[in-house]
1. List, please: which pairs have Cβ atoms under 6 Å, are six or more places apart or on different chains, and start with a residue in the range 120-143 that is free of Cβ contacts under 8 Å to residues at least 40 places away in the same chain and at negative phi and end with one that is charged (D, E, K, R) and buried (at least 20 other Cβ atoms within 10 Å of the Cβ)?
2. Does Gly11 count as modelled with pLDDT of 95 or more and either over 15 Å from Val106 (Cβ atoms) or assigned to a loop (DSSP other than H, G, I, E, B) (or both)?
3. Mind checking which residues of the range 66-88 are touching a residue at least 40 places away in the same chain (Cβ under 8 Å), part of a strand (DSSP E or B) and of a type in the set (A, V, I, L, M)?
4. Any idea how many residues of the range 14-50 are within 14 Å of the chain's Cα centre (by Cα), among the polar types (S, T, N, Q) and either part of a strand (DSSP E or B) or surrounded by fewer than 22 Cβ atoms within 10 Å (Cβ to Cβ) (or both)?
Amino acid sequence: MKTTDVSDAHGDARSLAPILRSFGGAREVHGRITTLKVHEDNALVRKALEEKGEGRVLLVDGGGSMRCALVGDNLAALALANGWAGIVVYGCIRDSAAIASIAVGVFAMATHPKKSVKRGEGQRDVPVTFGGVTFAPGEWICADDDGVIVMSDPPR
């Protein structure tokens, strides 16, 4: 499901500014959104990915921090094992070469070798805004090499 086709079919689709790039083994991702808002702490990311994903996409608002990674290869593998379609991170990832071989979509701003703290602080299933778009839990997201779009209804 290409973002260009979905965007053409959904006049109400909102496009994220071009601030993310694809790192995962799956180059096209679509699914219902589950949101997290965290700051340099990925404990809630792990907790969410330990659940059955049922084709959802975990959208992580890391505040655009470039000081540590919120997702690495272990979390990408966990996402795949539990049926998540992908992870979109407004922040950094690490283990990018390994993530590229895992058949799950991973989109982020950049890479960073430093791991995050694990205090379990943050919020889940709240609207988050970055890149000119507000993402609400339960909305639909499509992401690929051409960008990220979000809409209220499932893509056709």
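The values are calculated or read from the model by the stated rules, or taken from the named source; none is laboratory data. The structure displayed is predicted, hence computed values, not measured ones. Virtual Cβ from ideal backbone geometry, glycine too; neighbours counted across all protein chains shown.
1. none
2. No: the conditions fail for Gly11.
3. Ala69, Leu70, Ile87, Val88
4. So the answer is 3.
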